[in-house]
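Here the structure comes first, spelled out in structure tokens, and everything after it is commentary.
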Amino acid sequence: MAEKTEAAIFEKQNDLIAATIAVRKAGFKIVDCYTPYPVHGIEKAMGIGRSWMGWAMFVLAMTGATFAMGAQIWIHAMDWPTVYGGKPFNSWPAFVPITFELGVLFAGVGTVITLLAVSKLWPGNDPHDMPDGSVVRDRFGIVAEHGGKPEELKKIYTDHGAERVL
Amino acid sequence: MVDLEKLYHNPMDPVLDEEKTITQVTEDIERPLVGTPGPLWWFAFLIAAPTAGMGTLALLYTAFTGIGVLGLNKTVGWGFFITNFVFWVGIGHAGTLISAILYLLRQRWRTGIARSAEAMTIFAVMCAGIYPLFHTGRPWFAHFMAPYPNLMGSLWVNFRSPLLWDMFAINTYLIISAVFWYLGLIPDLAVLREKAVGVRKFLLSFFSMGWTGSARCWNHYEVVYLLLAGIATPLVLSVHSVVSFDFATGVLPGWHSTILPPYFVAGAILSGFAMVLTLLIIARTTMNLEEYITKDHIEAMCKVVLLTGMLVGLSYGLELFTAWYSGNPYERFLVLNRSTGPYWWAFWTMVSCNVLVPQLFWFKKIRRNLAIVWVASLFVNVGMWFERFVIIITSLHRDFLPSSWVYFRPSLIEGAVMVGVFGIFFTLFLLFCRFLPMIAMAEIKAEVGNSQAAREKGGH
């Protein structure tokens with residue numbers, strides 16, 4: 001991997017964004033940018049689309065809610081019907097609070113697990129993709145494939161004020 | 001085009017007192033975590049930890065002897081344990097309110113206090129959970145509350161019972177709050193990982209999950225954070241509503257009332273913010289974070305306390321009015337008995353601490369005087385504890401049959417558990433201050449960095 005790519009570290013986020021735009025314009029493929037916080041406008045510069053996590057959460061919430069309502073109806077109206085307080089077996093309005101809670105639980109926990117899986121994060125994993133330790137603190141990193149023209153790519157980095165080219 | 005300059009420098013919208021670079025922010029927040037803790041921290045810890053130990057012993061004594069050691073009797077079947085349970089769940093509301101609702105409302109001052117308030121929420125909900133668990137008398141059968149196929153039929157739990165709703169609500173709230181908190185912590189743990197050595201390095205690497213700060217990851221991360229805030233908002237409102245159903249679906253005067261859910265939620269926010277004030281006024285000094293948890297933060301929280309204090313006052317008034325207007329003799333008796341009966345002192349403590357004390361916060365000078373705010377926040381904590389006490393005990397102690405009327409007195413063990421659980425809470429919070437970043441570093445850096453970048457861009 002390292003032979004095919006060139007990395008650079010920037011001190012300012014604006015320089016990173018400018019460099020990212022230039023690198024893409026010159027036809028290089030950006031592997032990723034690394035920033036200590038979500039930088040406004042970087043996704044546009046890199047050309048990544050809107051995250052689809054919202055849809056994941058919607059599906060998970062519906063799964064949780066359907067499971068909860070289904071389980072409660074099955075338990076109280078089919079598996080073991082019992083009369084409580086003269087209510088009908090399928091007294092679904094009483095099942096709404098738990099349906100809501102389980103919908104939220106599935107959505108929240110499930111979406112975070114999806115995020116971790118998609119971002120390849122798991123306990124004990126090594127941050128091996130990271131170009132330099134400083135990018136989680138106060139520097140901005142970029143990694144791009146040089147496609148056989150490493151000098152050209154490095155020049156774009158230095159022209160845009162890279163602090164270090166790795 | 002949005003005027004970023006204006007957006008990031010709204011005087012009503014303070015994040016930091018002065019300009020800092022993101023490098024300075026990182027170092028400032030890291031500092032209390034790498035040195036040795038100061039004498040004030042040790043002083044607090046050496047009080048909190050033994051108290052927590054005493055509470056644990058008292059809980060074990062209760063579990064092994066039976067709940068006969070509590071001051072409960074046939075008339076007052078819910079005593080100190082349930083009072084404290086509702087109190088702690090209420091405290092647990094401020095964290096998610098600050099981190100989720102204020103996030104959605106774009107109250108950017110929340111950034112500095114969100115992390116510690118979330119931690120407080122998690123610890124408070126854990127403390128709350130202790131009480132119903134031990135109040136069952138046989139905590140080792142706690143799994144009976146969960147619906148699982150069993151050899152007794154299978155015999156299921158009753159999903160129509162508000163007590164079961166409560167179990168689901170509290171557990172969901174605990175899990176979602178913890179997930180929300182942990183998700184925010186991952187980037188900050190990665191920062192600490194880079195300079196750590198030895199066991200610390202191993203632990204931080206393990207829990208930061210190989211975080212690299214990848215822009216593709218941030219893109220998903222920001223959406224997930226926003227969505228979690230979105231689902232945590234109805235959740236936080238639902239939790240105390242469900243707790244109030246434990247009472248509101250009963251037929252006792254004083255409990256059987258439709259005002260209870262909003263009344264409980266307003267009270268929960270009041271008590272939660274009071275507890276955040278109590279903790280943070282101390283923590284900002286001991287951890288040298290005055291530049292991050294500023295007087296503007298304290299002032300903003302005081303305003304929330306003032307508002308919710310008046311909402312709670314309105315609820316008290318509505319209870320009185322409804323009792324009179326309903327013409328129901330039991331309700332009328334209850335209201336008179338609460339305010340003039342044997343527990344009059346508890347009722348008036350509640351009213352003065354929750355409604356009168358917050359009125360001080362009309363004055364800006366008082367809102368910015370930390371000593372007064374701190375003392376007032378203690379009064380509100382006491383008042384909100386008494387609110388739970390008044391709701392539970394005064395509704396129970398006068399049964400429908402005068403022959404069952406009693407005066408509830410807590411036993412020594414109940415007192416020890418109550419004090420001990422406060423010890424557990426403070427111990428956990430002190431450990432959090434010592435070992436984890438109290439301020440959401442990445443969020444502060446996003447505020448600072450993005451605003452500086454916007455200004456530089458404008459200047460060229």
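Details
- Point-charge dipole on Cβ atoms (K/R +1, D/E -1) for the stretch A:38-128, about Cα centre, debye to 20: 200
- Cα centroid separation - the stretch B:104-120 against the stretch B:182-201, whole Å: 21
- Contour excess over end-to-end distance, with Cα ends at B:Thr23 and B:Trp344 and 0.36 nm allotted per residue: 109.9 nm
- Chain A: angle of helix A:13-25 to the longest principal axis, Cα-based, in degrees nearest 10: 80
- A straight chain from A:Ala77 to A:Val96 at 0.36 nm per residue would run longer than the Cα-Cα distance by 5.3 nm.
- The length gained by stretching the chain between B:Leu151 and B:Lys303 to full extension, at 0.36 nm per residue less their Cα-Cα distance, is 49.3 nm.
- Charge dipole (the stretch A:71-166, unit charges on Cβ, about Cα centre) - positive-most of A:Gly108, A:Thr82, A:Gly141: A:Thr82
- Of A:Lys155/B:Lys445; B:Lys20/B:Lys445; A:Lys25/A:Lys154, pairs whose Cα-Cα distance is over 18 Å: A:Lys155/B:Lys445
- On the beta carbon distance between B:Asn328 and B:Leu133, with R0 = 30 Å, the FRET formula returns roughly 0.25.
- Taking a Cβ cut-off of under 12 Å around B:Leu185, the surrounding Lys, Arg, Asp and Glu residues balance to a net charge of -1, with basic ones at +1 and acidic ones at -1.
- Sorted by Cβ density within 10 Å, fewest first, the residues B:Ile122, B:Ile47, B:Ile113: B:Ile47, B:Ile122, B:Ile113
- Amide H contacts under 5 Å for B:Gly71, placed H, 5+ residues apart: B:Ser411, B:Glu414
- Averaging the sequence gap over all C-alpha pairs within less than 8 Å and six or more residues apart, then dividing by the number of residues, gives the stretch B:333-411 a relative contact order of 33 percent.
- Bridging of B:Lys365 to aspartates and glutamates at a Cα separation below 16 Å is possible for B:Asp296, B:Glu299, once same-chain residues fewer than 8 apart are set aside.
- Distance from the stretch B:335-406 to the stretch B:227-294 (C-alpha centre basis), Å: 16
- Placing a pseudo-label 7 Å from each Cα along the Cα-to-Cβ vector at A:Glu152 and B:Ile175 gives an inter-label distance of 5.3 nm.
- Residues of the stretch B:349-366 with amide N under 19 Å of a point placed 7 Å along Cα→Cβ from B:Leu320: B:349-360
- Our summary gives the stretch B:169-239 a relative contact order of 41 percent, counting only alpha carbon pairs under 8 angstrom and 6 or more residues apart.
- What the phi angles of the stretch B:209-226 give under the Karplus curve with 6.51, -1.76 and 1.60, with θ = phi - 60°, is a coupling list of 6, x, 5, 10, x, 4, 5, 5, 5, 4, 4, 6, 4, 5, 5, 5, 4, 5 Hz, glycine and proline written as x.
- Taking 7 Å steps out from each Cα toward its Cβ at B:Val199 and B:Asp399 produces label points 5.5 nm apart.
- In percent, rounded to a whole number, the relative contact order of chain B is 32, using alpha-carbon pairs under 8 Å and six or more apart.
- Taking a sphere under 14 Å around the Cβ of A:Lys120 and counting the other residues whose Cβ falls inside, with K and R at +1 and D and E at -1, yields a net charge of -2.
- On Cα atoms only, tilt of B:370-389 relative to the major axis of chain B in degrees: 30
- Distant-in-sequence amide contacts of A:Asp32, defined by a placed amide H-H separation under 5 Å and a gap of 5 or more residues or a different chain, comprise A:Val143.
- Between the helical axis of B:162-195 and the longest alpha-carbon principal axis of chain B there is an angle of about 20 degrees.
- Taken as Cα centroids, the stretch A:96-166 and the stretch A:1-70 sit 7 Å apart, rounded to the nearest whole angstrom.
- For a straight C-alpha distance cut-off of 22 angstrom, the lysines reachable from B:Lys364 (same-chain residues fewer than eight places away being disregarded) are B:Lys295, B:Lys303.
Only the coordinates and a few stated rules stand behind these numbers; no lab work does. Small disclaimer: the values here were computed from a predicted structure and weren't measured. Here the Cβ is made from the backbone with ideal geometry for all residues, glycine too, and neighbour counts use every protein chain on show.
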